[in-house]
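To start, the structure itself, in structure tokens.
The values are calculated or read from the model by the stated rules, or taken from the named source; none is laboratory data. Computed from a predicted model, the values in this text were never measured in an experiment. Counting neighbours? That spans all protein chains shown, and the Cβs are built from the backbone with ideal geometry, glycine included.
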Amino acid sequence: MLTAILIMALGAVVLGAALGYASIKFKVEGDPLVDKIDAILPQTQCGQCGYPGCKPYAEAISKGEADINLCPPGGMEGVQRLADLLGREAKPLDAEEKPKQVAVIDEQTCIGCTLCIQACPVDAIVGAAKQMHTIVESLCTGCELCVPPCPVECIRMEAIAENIDNWKWKYPVIEIKPLRQAA
Amino acid sequence: MLQRLFKFKGGVKPQTNKTQSVGLPIAVAPLPTRLIVPLHQSIGGTPDPLVAPGERVLKGQKIGGADGWISSAVHAPTSGTVLAVEERVAPHPSGLPTLSVIIEPDGRDEWITRTPVDYKALAPETVREMLRDAGVVGLGGAVFPSHAKLSASKTVPMEELVINGAECEPYITCDDLLMRERAEDVVRGVGLFRDLLRPKRVLIGIEDNKPEAVAAMKRAVQALGEDFAVIAVPTRYPAGGAKQLIRVLTGKEVPAAKRSTELGVQCFNVATAYTAWRAVAHGEPVISRIVTLTGNVAQPRNWEVLIGTPLAEFVALGQPKADTDGYLMGGPMMGFEMPSPDAPLVKATNCIIAGSPTLFPPKAPEMPCIRCGECAKACPHELQPFELYWFARAKNFGKTQEYSIFDCIECGCCSYVCPSRIPLVQYFRFAKSEIWAREREKNAADTAKARFEFRNLRDEREKAEKAERLAKAAAAKAAEKKAEPAPAAPAADAGIGAPAAADGGAPAAAPLDAEAVKKATIAAAIERARQQREAVQPKNTDRLTPAQQKEIAEIEARRAPLQAEQPERSAPPATDAAQEQQNQ
Amino acid sequence: MTHYLFIVIGAVLVNNVVLVKILGLCPFMGVSRKLETAFGMGAATTFVLTVATGASYVIDHYLLMPFGLEYLRTLSFIVTIAAIVQLTEMVIQKTSPVLHQVLGIYLPLITTNCAVLGVPLLNVANKHDFIDSLLFGAGSAVGFSLVLVLFAGMRERIEGADVPLHFKGTAIAMITAGLMSLAFMGFAGLDKYQ
Amino acid sequence: MMDFTTPPYLLKTASVQRVMLQVLAALLPGIAAYIWLIGPIVLVQLAIATLAALAAEAAMLKLRDKPLGLFLGDGSAVVTAWLIALTFPPLAPWWLLVVGVLFAIVVAKHLYGGLGQNPFNPAMIAFAVCIVSFPALMSQWPALGLKTSFGEQIDIVFGLAARVDAMTGATPLDAIKTALKLGEGAVDVPALLANQDIFGNFAGRGWEWVAAGYLIGGLWLWKRGIVSWHAPLGFIGGITLLAGALWLWNPAQFAGPLFHLFSGGAMLGAFFIVTDPVSGCTTPKGKFVFGFAAGLLAYVIRVFGGYPDGVAFAVLLVNICVPLIDMYTQPPIFGMKNEK
């Protein structure tokens, strides 16, 4: 009995010492996973996930603090890709999925207060104080962060309309189903 | 001279159905009542409109200027009045509208002053610009701006110039008739291309089911004293694909990732050569083209039609039979159904086929793929269509790219032979456009990320600078000790928030005590000073691409009149609204 | 010589650790969704399993047996394996970042791979000597990697299949594993022929 | 209205049904020889299998909400059924066939999504399942030279008469294997074969004529372009190579390649099983590798393994490898041939 305890204790001490030594000797900084997660996120920096930007959210996922289904702009597809990367089961999105949008400033109403410029995370709003602001559509990520600060409510979100350039071929759905309601 | 021919793998031999429409010579279509000329008729940039509603235009007058190098001009097909510049349904499978110039012909068909030039006296660069401004694009269907293809690679010597008269799609005969009737101008156009590219050999490939065209081209080559080889190639779809024809005539295989000039070869359609010649030697821009009208019509034949002729007016010329239920643009292998009878004919329209249930019977239901490999045997690009299908159907786009989906030329051979009647091409197009969309999203995300990070950096820098400034100010006014620098953000908020609240009547939550009010006034003063300094300087304009700068310039331009009118709040004139719409 | 050959063939095919012995199913199901990861997991497992069999043999023969402590076998094997895995991971992470990139996230998973414990125990049960143990361990590891990679290839394809809703995902993967196991029964008897 | 979404608007007249019908037609010469050898009971077995397959297919289609008429008519279930009936012992009880067919159609085919999606060959799954579950029944082949009447055969198949051991016996393949295992290398295969021989000259008891029938049907399929030469040649090559090498090394102990090619399920496998496009490889090189590997494994299992014939297991084992083989044998695409 005593030998057993001794042997096990010895083993524990030796292995523990080795591991402890290794953890000091072979310490490595940084987490490559964060960058991989960040690359999947849509970079709208909208904060809808509850984190201040995409990178913090990526860090939270990597640490296991946040779930993978909190990013509405990334949509279900983003969740799926995160699930693939992290080897987790995909979950339904924690919010409803919206079509892609851009912010539009009503130029008649804008008073040139620059509040939206400060709110925009990607500098997609141009203008100066006391002058009207306009959104550079090609840079707008549709994060909606500029909407609440506007004192005169002149910013609205518009869904991006389909045009010949962004039109996509549809999935050829030819469902093979019995024609029950034929008659 | 004996020309060795090569083979390409795959391909199919559908019924050609070409004889119906070659019986009659090319006829000039009568002037339609209205012309709808889409501005975007080539690969590349969308030309900007150069005319305004109400303006009178002459035949051949430029109405859309090329936007960048890969773009091509558009011209008024006849003289008349511009009725509108607006979005009209495009001859595109989506059926979505595109910006078009609508012209009401005045019946006089009055030309602009045409200036024929001797291109040999001009620098090649000038000739290319001429071609661009004459709207010369690939008329085989791809409508790639021709001038952009007329520069040889700097590193690889140009060996062969391939002229494509194969016309492999069933039903289409417009190139056939063009070669039969106007062979000399075609050959002269080929001469023009030859002089620009300086290849060692010129090979004109024509499928061997068009002996008359081969003979006519041979005669023309001889009459003009050129040394072009006119070669009859075996009839097998898609021998008229640029890459397949290059393979057959030269033995070279152009991979999807490379330009053909990198292999010392370039390819043009016969109709392109013809229009290039007309543009240079006669000063006539591309305002018409030859279109085959065939299928379920009483009188199938080829017509020379003005670009912009609405489909309905054109098909009336051939007297469609009663059971016609749709019109295909292009051939039956790669064409698509015209979305509306109002859609106009464009530079890419080589053929209109009237369809009927008997001509194109409804397809039997799609069955599952049994991986029989017939499609792989038929694929001229030696892909594995069934694997592509398997992954495209499952929306596994990464895998489709591993199986080289972008090498697919969408020729339709795989769908043609499929025993399960799977619309394979459709799946591939779906996968391709999804991948493109993803690419766009990815790029947008990368830009957004870069800009976000840059902004954070700048914010920090500004904060640091401001703190420094304030510290200095505080030191200078050491007497006023209590004026401690307030945190930057609330100060700014208060500074701008107050007037905004007064202006817009938004609730001004300002229950501030005297101390805070004092602080706020000081902060506001600082802010005012800063604003004065920055008032004229727009923010965030650094690190913009030229395109973005252009966009901003447009916005500023739009803003100027608005600002002037703002006090009256009058509605902008109608023209402005139209202009605005165009800009978007 | 043929003795060793039969040990290896037996371990890789006839008594395949996953499909015949039904050990190590967690990583077999868990890390087989993509071929790439399956390769990584296979490589990592091969390495760890071979080392673990060697180490367990040493511990068993020079630590446990001399003191008659065979009843502590399972316990001490588990501890040893866990430590080896941890140690390996740390060393690899420091010394070869590239290798760690490939094997990194799989190494901790191996701790819970029952095949790694099962194979040393089978070694003991089969009274293998040191060389036999190592060969059996390596063979089992190769067998594991082989079926893992093959399975991943199949799963990538099945993912595109029109599987009935209720069988999608893990369910059909389990059925596939079962049918693979059935196919591997074809090897039965091959190791008896000597 | 024209079908807006799906160019091309022209289609060749080919269909899955036609392919399957030609496969069935190609089986006929082999079936004819089989009937001549065993008796009309073969037809009964084919009918049982076909009925069971169609019923199972219909039930599964119904459950999966797919159109019955379209898929029942495609003929794929019938092909599976015939292959099962031809690989099972002809005097196997009716329920054994039904079990095999059910497993093939329900598990191996429809759980994976039905036609075109199954990674394993359904007929071979049926064989493997039954031989693992009912080894005795699956090894009872009609005994050597013992003539039974059609009525007696019917009685056996439907369980009306007791199975008499004397009526069943081992196949030539079995006999050799048993001798090999028992005799520890001291068997005289040529003598053994000579003893077994009644009708045939090299593969024993007229089985060779059945195999020849399959060969003829297979060649016809090849000529029609339904199957390519790669997989059958690979399969035959695999068996020939291994059998030939061992036979040359020790002709007394190992039977020659001709024997192996014309006995058991080798010919049926070469032309009708390894050529299955759904569960097999699809690239030309891959098809050859698939056939070759299946040939080698079939030989190893039938000679050294524990089962009477190795074709089924060999095919299933190679089925597992198909995605990988395909992946590594992708032919170069247009324009990429010099970029390796």
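Taking the stated definitions as given, is D:Gly280 within 14 Å of the chain's Cα centre (by Cα) and either in the same structural domain as D:Ile131 (by TED's automatic domain parsing) or within 29 Å of B:Pro380 (Cα to Cα) (or both)? So D:Gly280 fits the description; yes.
Hey, can you tell me all the residues within the range C:22-63 that are among the aliphatic types (A, V, I, L, M) and outside any helix (DSSP H, G or I)?
Within the range C:22-63, the first condition is being among the aliphatic types (A, V, I, L, M), and the residues that meet it are C:22-23, C:25, C:29, C:31, C:35, C:38, C:41, C:43-44, C:48-49, C:51-52, C:55, C:58-59, C:63.
Listed by number, the residues that qualify are C:Ile22, C:Leu23, C:Val31.
Of all the criteria given as (1) more than 28 Å from C:Ala161 (Cα to Cα); (2) of a type in the set (Asp, Glu); (3) within 14 Å of chain C (Cβ to nearest Cβ), the one not satisfied by B:Glu453 is (3). If you check C:Val85, C:Val8 for being more than 14 Å from chain A (Cβ to nearest Cβ) and in contact with a helix residue (DSSP H, G or I) (Cβ under 6 Å, 6 or more places away or on another chain), only one passes: C:Val8. Figure legend. Inter-residue proximity from the range D:319-340: first residues more than 7 Å from every other protein chain (Cβ to nearest Cβ) and under 16 Å from B:Ser404 (Cα atoms), second residues exposed (fewer than 15 other Cβ atoms within 10 Å of the Cβ) and modelled with pLDDT of 85 or more, beta-carbon distance below 7 Å, spacing 6+ or different chains. Indicated pairs: D:Lys340/D:Pro332.
Here B:Pro385 fulfils each of the conditions (1) in contact (Cβ under 8 Å) with a residue 40 or more places away in the chain; (2) touching a Leu at 6+ places or on another chain (Cβ under 9 Å); (3) within 13 Å of chain C (Cβ to nearest Cβ); (4) not acidic (Asp, Glu) apart from (3).
Taking the stated definitions as given, is B:Pro365 in contact (Cβ under 8 Å) with a residue 40 or more places away in the chain, part of a loop (DSSP other than H, G, I, E, B), buried (at least 21 other Cβ atoms within 10 Å of the Cβ) and within 14 Å of chain D (Cβ to nearest Cβ)? The answer is no for B:Pro365. Under the condition of being within 9 Å of chain C (Cβ to nearest Cβ) and assigned to a helix (DSSP H, G or I), which residue from the range D:304-317 is farthest from D:Ile125 (Cα to Cα)? Looking at the filtered set, the residue picked out is D:Phe304.
If I ask for residues that are aliphatic (A, V, I, L, M) and within 9 Å of chain D (Cβ to nearest Cβ), which ones from the range C:136-164 would you list?
Taking the range C:136-164 and keeping what is aliphatic (A, V, I, L, M), we get C:138, C:141-142, C:146-150, C:152, C:154, C:158, C:161, C:163.
Correct list: C:Val147, C:Val149, C:Leu150, C:Ala152, C:Met154, C:Ile158, C:Ala161, C:Val163.
So that you can scan it fast, the table gives a plain yes or no per residue for (1) of a type outside the set (D, E, K, R); (2) within 14 Å of chain D (Cβ to nearest Cβ); (3) more than 29 Å from the chain's Cα centre (by Cα):
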position: B:Leu424; (1), (2), (3): yes, yes, no
position: B:Ala437; (1), (2), (3): yes, no, no
position: B:Ala445; (1), (2), (3): yes, no, no
position: B:Lys466; (1), (2), (3): no, no, yes
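If the condition is being of a type outside the set (Gly, Ala, Ser), at pLDDT below 90 and out of contact with any helix residue (DSSP H, G or I) (no Cβ under 8 Å at 6 or more places or on another chain), then the range B:230-260 contributes B:Lys258, B:Arg259. Taking the conditions exactly as written (outside any helix (DSSP H, G or I) and either acidic (Asp, Glu) or farther than 24 Å from C:Asp162 by Cβ (or both)), does D:Pro29 satisfy them or not? No, not satisfied. When residues in the range D:283-306 are screened for being under 17 Å from B:Lys377 (Cα atoms), surrounded by fewer than 22 Cβ atoms within 10 Å (Cβ to Cβ) and of a type outside the set (S, T, N, Q), 2 of them pass. Of all residues in the range B:59-103, those being β-branched (Val, Ile, Thr), within 19 Å of the chain's Cα centre (by Cα) and more than 14 Å from chain A (Cβ to nearest Cβ) number 5.
Applying the set (1) within 30 Å of D:Thr275 (Cβ to Cβ); (2) away from chain C (no Cβ under 14 Å); (3) of a type in the set (Asp, Glu) to B:Glu337 leaves exactly one unmet item: (1). Somewhere in the range B:392-404, is a residue at the interface with another protein chain (Cβ under 7 Å from one of its Cβ atoms), in contact (Cβ under 8 Å) with a residue 12 or more places away in the chain and crowded, with 24+ Cβ neighbours inside 10 Å? Within the range B:392-404, none of the residues are at the interface with another protein chain (Cβ under 7 Å from one of its Cβ atoms), in contact (Cβ under 8 Å) with a residue 12 or more places away in the chain and crowded, with 24+ Cβ neighbours inside 10 Å. Does B:Glu253 count as assigned to a loop (DSSP other than H, G, I, E, B) and acidic (Asp, Glu)? It is true that B:Glu253 is assigned to a loop (DSSP other than H, G, I, E, B) and acidic (Asp, Glu). Look at the range D:132-152: where a residue is in a loop (DSSP other than H, G, I, E, B) and a partner is modelled with pLDDT of 80 or more, sitting 6+ places away or on another chain with Cβ atoms under 6 Å, you get D:Gln140/D:Pro89.
Could you pull out every one of the strands (runs of 3 or more DSSP E) wholly within the range B:27-98 that has 1 or more residues that are under 28 Å from B:Phe430 (Cα atoms)?
On the way: elements: B:35-38, B:62-65, B:80-89.
Because the criterion is at least 1 residues that are under 28 Å from B:Phe430 (Cα atoms), the strands (runs of 3 or more DSSP E) in the range B:27-98 that meet it are B:35-38, B:80-89.
Taken over the range A:118-172, the residue count meeting the criterion of being aliphatic (A, V, I, L, M), assigned to a strand (DSSP E or B) and out of contact with any helix residue (DSSP H, G or I) (no Cβ under 8 Å at 6 or more places or on another chain) is 3. Whether a residue is assigned by TED's automatic domain parsing to the domain that holds B:Lys218 and either closer than 30 Å to B:Met179 by Cα or surrounded by 20 or more Cβ atoms within 10 Å (Cβ to Cβ) (or both) was assessed, and B:Gly80 passes this test.
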